[in-house]
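*Asks:* Structure incoming, see below.
The values are calculated or read from the model by the stated rules, or taken from the named source; none is laboratory data. This one's a predicted model, so the numbers in the text were calculated from it and none came from an experiment. Heads up, the Cβs are rebuilt from the backbone with ideal geometry, glycines too, and the neighbour counts pull from every protein chain shown.
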Amino acid sequence: MKKKIFLVIPDLRCGGAEKVFINLANQWIKKYKVTFILMNKRGEMLSEINNEIEIIDLNIVRIRSCFLKFIKIFRTTKNSYFLCAMWPLNSVFLFSSIFGSRSNRYFVSEHVNLSKSLNIDFFIPKFFLTLSISFSYIFAKKIFCVSNGVKNNVDYLSLFNLKKKLVTIYNPIVDHQPLFYKTQKIVKNKVFILSVGTLKHQKNHAILIKAFSLIKNINDYHLDIVGDGPLRTNLEKLSEELGLQNHVTFHGHQNNVNYFYKNADIFILSSIYEGFGNVLVEALNYGLKIISTDCPNGPSEILNNSKYGLLIPSNDKYALKEAIKKIRNLEFDKKLLQKRASDFHIEVISKLYLDQMCL
C-alpha cells in the first residue's frame, strides 16, 4: 500500500509556495498517494495538478475555522505525512495536530521572512507573531525553510530553541533546460527585460518602472511584466504617467512563462523582501543576465553573492538604472548559469524533503 502525503495550503492562486507544493505533489504522485487539503478549492494553478492527486476542499474563509476540521482529518487518518505551508495557517495546523493521531507525522514549511512581512502583508503586533510561532512550531516534526535567511528568522522569532527542527531546503524548478549552441545568434532590435511575479507591494514593481523610465535610450529596451495582483491598475497608471505605454507591457497571469524567458535578455527581481526567489532560479535555467535586489532572503544565496548576477540595494531606482546599463555590456556563461540552476532541480529537492520526512 502506498504511503499517504497530505499537502495543506490555503488555495492554489498564483504564488511561490503554491507552485512549490504543486511541483512536489506532481513529483511525489509517482510513488505515493498525494492529497491536497485546501481552505478553498480555487486558484489559477488548479489546472497544473496531476489528475491522480485528490483535493479535500474545506470550503472555509477564516484560518481559525480550520481548527476543528483539521482535528477531524487528523483523527480519522492514520500513519500519514502532513506538510503545511505558511504562517498563520501553520500555527493552526500544529495546534490541531495535538489532538490528532500520534501515528501521523506533522511538518510545516515557511516561505517568507516573517519579520519583514510585518506591516506589509499582515498587520499584527510582533509579540503575537512571536508567541504563535513559539507555542505552535514546537509541535512540528521538522520546520522546512526555503532559505537560510528564513530559517534564521524563524529561529529568531521563537522563544524556544528550534534549531534541531529547522531545515533549509531550497525551492525546486521543473522546467527542462533549453539548449544553447555556439553558433546560435538571434538578432533583435531591442533589449528585452523581464519581470515575473505577483503585482503586490512586496515585489516593488513600482521601483522597477521608475528606474526603467530613467533610461536615456529607452527606445532600445522593452519591459515585459508577467503576473497579476492587487496593484496592477496602479502600476499601469504609473507606467502611463511616466510615458512608458509603448515600452512596458503588462501580460497578466500566464500558465506558461517559457516564451517570456526564452525571449528575454535581462531578468530583474525588484523585491523588498523574499523567502527564496523562485523566479531567479527559473531565469538561471534560461541563462539570462540577472539583476536582483539584495533583499532578505534568498537572492544572495541563489546568486552566490553576485557570482551569477548583479545584486543591488533595495528600493533604489538609480542603482537599478545603472545596473541595467552595466549588465547590457557584461557577458555571462549561459552553461554556468544553467549548472547553478540544476542545483535546484525537482529530483534533487524532492529527495531532500523525502529524506527529512523519513519516506
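*Asks:* If you go through the stretch 55-109, how many residues are part of a helix (DSSP H, G or I) and of a type in the set (K, R)? First the steps, then the outcome.
*Replies:* Going residue by residue through the stretch 55-109, those that are part of a helix (DSSP H, G or I) are 63-76, 89-97.
Adding the requirement that they be of a type in the set (K, R) leaves 64, 69, 72, 75.
Of the residues in the stretch 55-109, 4 are part of a helix (DSSP H, G or I) and of a type in the set (K, R).
*Asks:* Okay, next question. Suppose we filter E52, E18 for residues that are over 25 Å from G298 (Cβ atoms) and either not in a helix (DSSP H, G or I) or not β-branched (V, I, T) (or both); which single one remains?
*Replies:* On the way: E18 fails: over 25 Å from G298 (Cβ atoms).
When all the criteria are applied, what remains is E52.
*Asks:* Do we have any residue at all in the stretch 34-44 that's over 15 Å from I9 (Cβ atoms) and surrounded by fewer than 18 Cβ atoms within 10 Å (Cβ to Cβ)? Talk me through it step by step, then tell me what you get.
*Replies:* Taking the stretch 34-44 first, the residues over 15 Å from I9 (Cβ atoms) are none.
No, that holds for no residue.
*Asks:* Same structure again: Got at least one residue in the stretch 63-78 being touching a helix residue (DSSP H, G or I) at 6+ places or on another chain (Cβ under 9 Å), surrounded by 20 or more Cβ atoms within 10 Å (Cβ to Cβ) and β-branched (V, I, T)?
*Replies:* yes
*Asks:* I'd like to know if the stretch 236-247 contains one or more residues that are outside the structural domain of I120 (by TED's automatic domain parsing) and touching a Leu at 6+ places or on another chain (Cβ under 6 Å).
*Replies:* The initial filter retains those residues of the stretch 236-247 that are outside the structural domain of I120 (by TED's automatic domain parsing), namely 236-247.
Remaining after also requiring touching a Leu at 6+ places or on another chain (Cβ under 6 Å): none.
Within the stretch 236-247, not a single residue is outside the structural domain of I120 (by TED's automatic domain parsing) and touching a Leu at 6+ places or on another chain (Cβ under 6 Å).
*Asks:* Under the condition of being out of contact with any Leu (no Cβ under 9 Å at 6 or more places or on another chain) and among the hydrophobic types (A, V, I, L, M, F, W, C), which residue from the stretch 88-111 is farthest from I143 (Cα to Cα)?
*Replies:* F99
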